[in-house]
Amino acid sequence: MEVSADRQETPNKPRPELEEVEHHGQPWMLTTTEAKLLGIAGVGFFLDAYDLFIINPVTTMLQYRLYGGKHLPADLEGLVKAGANIGSVIGQFLFGYLADSLGRHKVYGKELMLIIFATIMTITTPTGQLTPDHSLIYLAIWRIVLGVGVGGDYPMSASVTSDRANIRKRGTMLTYIFANQGWGSLAGSLVIITLLAIYKHTIDVEGHISKVDGIWRIAVGLSLIPAFGTLYQRLTLGESTRYEKSKKLSEFGPTSPSDSEEGISKLKDLSGKECDATQVKNVDDNADVRSLAPEEVVKKPAHFKGEYFRRWENAKLLFATSASWFLLDIAFYGINLNQNVVLQQIGFDGATGSAWHKLFRVSTGGIIITVLGFVPGYYATLFTIEILGRKWIQIQGFLVSALFLAILAGKFHTLSTVQFIVCFAFLQFFFNFGANTTTYCYPAELFPTRYKAFAHGISAASGKAGAIISALAFNRLSKSIGTPAVLWIFFGCCMVGAVVSLLLPEVKGRDADVIFAEQIRERRRKQGAEVDID
């Protein structure tokens, strides 16, 4: 592909080689450029899952380090588990807004720097100098800061990737990134079980149970390796053509209303072919469409004080992406942030045996569930998303997850351990071959470029709000009304999520910028004059 003069590499400018990605072969087949982009963007979600889900074995270890094997105080345990999600809400709003207003290049990488700093502070928790309760509060504070960085990665990586991906494989590219959550969760479980094996003699034979304090610190600290490994690439990743056009033309504006109307018409003529995934030919065609992005006809800078989301046709979509993510995360994080509680209640923590054997059993149960359901679910979505579409996958995922939640709730006390694990693994599979993946993809594909990152941040923050509710309420509710009743609540959330998903259109092959341009054109046609959409 020939590079235009204004995009040639010059000194003191970020690397442009990931400006756009190729799209030859099957959607799930990656070129070198695509793999490099996904490696840079995907590490954030690897760390997301690693950091968020490793907190389960960490809190179990802290029971022995701080409370002599007794359960953590319910409120503090909930705060530690919810801390990263509380921070994520802040990070998703903040980085989503900054990505649209300042540009992806100026912001990308800053969220990873925050993750690195918070991780270092987390492993400095002075459990020997503070009281047990104060140690948990210290840990929770830095988990919140960590969450700000993790949350910021959602809109950043989604917009960076979708800005560059061709429509034909945009969903696949986003799914590749999100699938790193499965590998992050698996890596966390493997790290814990490996460290426990190394420390077996010290803890189980010599009886030095306090050594678990070192295990969880090493496990958390190992996440710094992939973080440092991709920090430079993020900080030096150049801006996409689509965003550069948007920013430049938002500053200077179009020359005249007639030029704007001609731009809209040409955009529709060209991108009508691009919207059909089967007709996409090469990157140059896609670049032509981007050069005529609807930002050319909009004068004011991108922000959320304008008319776009005041119209029900657009607000309805933001409501649907936010509500479906909120409902999904109540169930998804309610299950996964408290996986150790569920495993303990079905006896997979070891009814008898030493503290080491209990920790080892909990970690083994986590690996079984991750391998059987977590990772396969992501890749079932990856290979079918451009065939089945996002809407079908999301609705069926909600419904089938509800089915398995009903089985677990109704037979909680009668299922054997094997039966429970099998049902639990299927539940995880259909969470990920379903709404957990598509709720991430939808905002990045549904909204036009100038609103994409902030809309994604709002949707993701809504999801994290649901996760916070689950983390704070699960332990207290499970003790007061019982775990089966809590699972019935999750069942209801999934059923409502399926209904809300009916508001969403199918976005396979859909160009949100084309829809945006048509909205501008329709308003001008109705009002008979130039309309400033903001």
Worksheet item: Which of 110/508; 36/316; 81/452; 36/106 have a Cα-Cα distance over 27 Å?
Response: 110/508; 36/316; 81/452
Item to complete: May I ask you to order 102-114, 137-149, 406-418 by the average number of other C-beta atoms within 10 Å around their residues, highest value first?
Response: 137-149, 102-114, 406-418
Discussion item. Explain nothing, just the number: dipole magnitude of segment 383-534 about its Cα centre with +1 on each Lys and Arg Cβ and -1 on each Asp and Glu Cβ, in debye rounded to the nearest 20.
Written reply: 340
Worksheet item: Does segment 123-202 classify as rounded, prolate or oblate by the C-alpha gyration tensor (a ≥ b ≥ c root eigenvalues; a/c under 1.5 gives rounded; else a/b over b/c gives prolate, otherwise oblate)?
Response: oblate
Item to complete: Taking the dipole about the Cα centre of segment 155-229, with the C-beta of Lys and Arg at +1 and of Asp and Glu at -1, give me whichever of 183, 195, 162 is farthest to the positive side.
Response: 162
Worksheet item: Could you give me the ³J(HN,Hα) list for segment 421-435, computed from phi with Karplus coefficients 6.51, -1.76, 1.60 and θ = phi - 60°, whole Hz, x at Gly and Pro?
Response: 5, 4, 4, 5, 5, 5, 4, 4, 4, 7, 5, 8, 8, x, 5
Practice prompt. Pull out a ≥ b ≥ c, the square roots of the eigenvalues of the alpha-carbon gyration tensor of segment 364-417, then state rounded if a/c is under 1.5, prolate if not and a/b is larger than b/c, and oblate in the remaining case.
Written response: oblate
Worksheet item: Rounded if a/c is under 1.5, else prolate if a/b is larger than b/c, else oblate: which is segment 30-108, with a ≥ b ≥ c the root eigenvalues of its Cα gyration tensor?
Response: oblate
Worksheet, complete the sentence: Expressed in nanometres to one decimal, the distance between label points 7 Å along Cα→Cβ at residue 419 and residue 510 is 4.2
Fill in: Label-point separation, residue 110 to residue 75 (7 Å along Cα→Cβ), nm
3.5
Worksheet item: Simple spin-label model, 7 Å along Cα-to-Cβ: residue 36 to residue 480 in nm?
Response: 5.5
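Laboratory data are not the source of any read-out in this text; all were calculated from the coordinates shown. Because the structure is a prediction, the values reported are computed rather than measured. Counting neighbours? That spans all protein chains shown, and the Cβs are built from the backbone with ideal geometry, glycine included.
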